[in-house]
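Inspection log for the structure reproduced underneath, given as structure tokens.
Quick note: the coordinates plus some simple rules give every number you see, no bench work behind them. Every value quoted in this text rests on a predicted model; they were computed, and no experiment measured them. Here the Cβ positions follow ideal geometry from the backbone for every residue, glycine too, while neighbour counts run over all protein chains shown.
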Amino acid sequence: MELRLYFQMLQRGWWIILLVAVMAFAASLGISYTAVPQYNAVARFIITPGASLTTGRDVVSGLQTLDRGIVATYVEVMNSRRILSESLASLNISEAGIAGEYSIVAVELPDSSVIELSVSGPNPNIAADLANAIGNNTISFARSLNTVYIINILDTAVPAQNPFSPQPVRDSVVALVLGLLIGALLAILSEQIRIPLETYRQRTRVDNVTGVYNSRYFTSLLEEELARHPDDVLSLGIVELSGLEDLLDTLPPSALQWVLQNVTGTLRKELRGHDLIGRLSDNTFIVMLPATPGFAAKRTFGRICQALTQPVNLSQYGVTVEFDPHIGGAVYSNNISSQDLLEKARNSVDQARRDHASPIYIWEMNNPFWVEKDISNSLEGSDALP
């Protein structure tokens, strides 16, 4: 399950992965072709007991002493500033001339009495000459202090034919792989950040109990719809469930939630896919029917009203819920504002509640009077508003 979830995250963030990989690839190529080539020269030196260690016992003792740290001592000598200064002087090179451009590293090879000296820099000849000069000066310095152990050249440094850095093909492939990995990580992180933000946005838009839009967000959607299509027809309907008023404080929260979700299910069943549903108050819903004239809204509201007149039995609580619905509608025209349209719908539902003869009223600009719409006429599909 988690693997499939991560795979879906990668699918949605494919553009992030591709973008990061391409950027890493391009950056690597740019750096490779603009960087100064670096060459490495390597010289090796071996330390052995001197001629003064003639007896077998002396040789063994000397080798044991050698193992205990003489090699490390020579490494420190080779890395010293004194040896570097003498070597540069022998090559007629100033310290300022190599500052920041050449690196010098002497290390003891594991399980041996061999020292490896590496010199890296932009000029292969200078790197090799400097490695050999440092080695020769180290040998001279060691001989002036101690004749018991001898350090000799094992391998002379030679100028490198090819730079060890940069290598455009290798570096670009590595950068591409790293870019893919980093891009995948960023894609997953962006999804994990986006999902909580999307969840938060949904919570600010949706009613927690019913799952439909809350009043504030529904009002903003209505304003956007009228702004986008100021010349199109639109119908608005407020569905008030008077029968729920007395049950709001008596039904358990779970039972009330089930009843309200039953209502939203009924509304969705009777509406089209692009129609919108919101919750205005505890027992009042609002529906928006884009591109719907008054006669079509009349039939839709009639179907909704008839469906909501069916009682809902809560046998576990010994209660039968009678919704007693009243619907007030308003048809948008003449560029009236969203607030005016909402006010007309509220007035319509008030009128429907006061008049026991019909539970549905629809206001329309072309008809200056409140017009009663009975359920039977609406279900017959009459296109005319009486």
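A few remarks follow.
- Distance from region 109-124 to region 284-307 (C-alpha centre basis), Å: 87 Å
- Added length on full extension, which subtracts the Cα-Cα distance from 0.36 nm per residue, D111 to F7: 32.6 nm
- Using θ = phi - 60° and Karplus 6.51 cos²θ - 1.76 cosθ + 1.60, couplings along region 99-107 (whole Hz; Gly, Pro as x): 4, x, 10, 10, 10, 10, 9, 10, 9
- Note that region 209-380 carries a Kirkwood radius of 16.2 Å, evaluated over its alpha carbons pair by pair.
- Förster radius 25 Å - calculated FRET efficiency between Y33 and E95, Cβ distance, rounded to 0.05: 0.25
- Ranked by how many other beta carbons lie within 10 Å on average, peptides 95-105, 24-34 from highest: 24-34, 95-105
- Beta-bridge orientation, the chain: approximately 90 percent antiparallel, per DSSP, counting only bridges with both partners inside.
- Only the Cβ atoms of Lys and Arg (+1) and of Asp and Glu (-1) were treated as charged; on that basis the dipole of region 231-277 about its Cα centre amounts to roughly 300 debye.
- Using alpha-carbon coordinates, inclination of helix 253-270 to the longest axis of the chain, degrees: 80 degrees
- Here the dipole of the chain is about 840 debye; that uses its Cα centre as origin and unit charges on the Cβ of Lys and Arg (positive) and Asp and Glu (negative).
- Extension gain, Q316 back to T73 (0.36 nm per residue minus Cα-Cα distance, nm): 78.4 nm
- Charge tally in the Cβ shell below 12 Å around P290, where Lys, Arg are +1 and Asp, Glu are -1, P290 excluded: -2
- Potential lengthening between I150 and N262 on full extension [0.36 nm per residue; Cα-Cα distance subtracted]: 30.7 nm
- Cα long-axis angle, helix 215-228 against the chain (0 to 90 degrees, to the nearest 10): 90 degrees
- Mean Cα-pair separation over length for the chain, i.e. relative contact order, pairs under 8 Å, 6 or more apart, %: 17 percent
- Furthest towards positive pole of dipole, T284, W258, P230, structure part region 209-380, Cβ charges: W258
- For region 209-380, a simple Cβ point-charge model (Lys and Arg +1, Asp and Glu -1, everything else neutral) yields a dipole of about 360 debye relative to the Cα centre.
- Among 7-18, 232-243, sorting by the average number of other beta carbon atoms lying within 10 angstrom of each residue, highest first, gives 232-243, 7-18.
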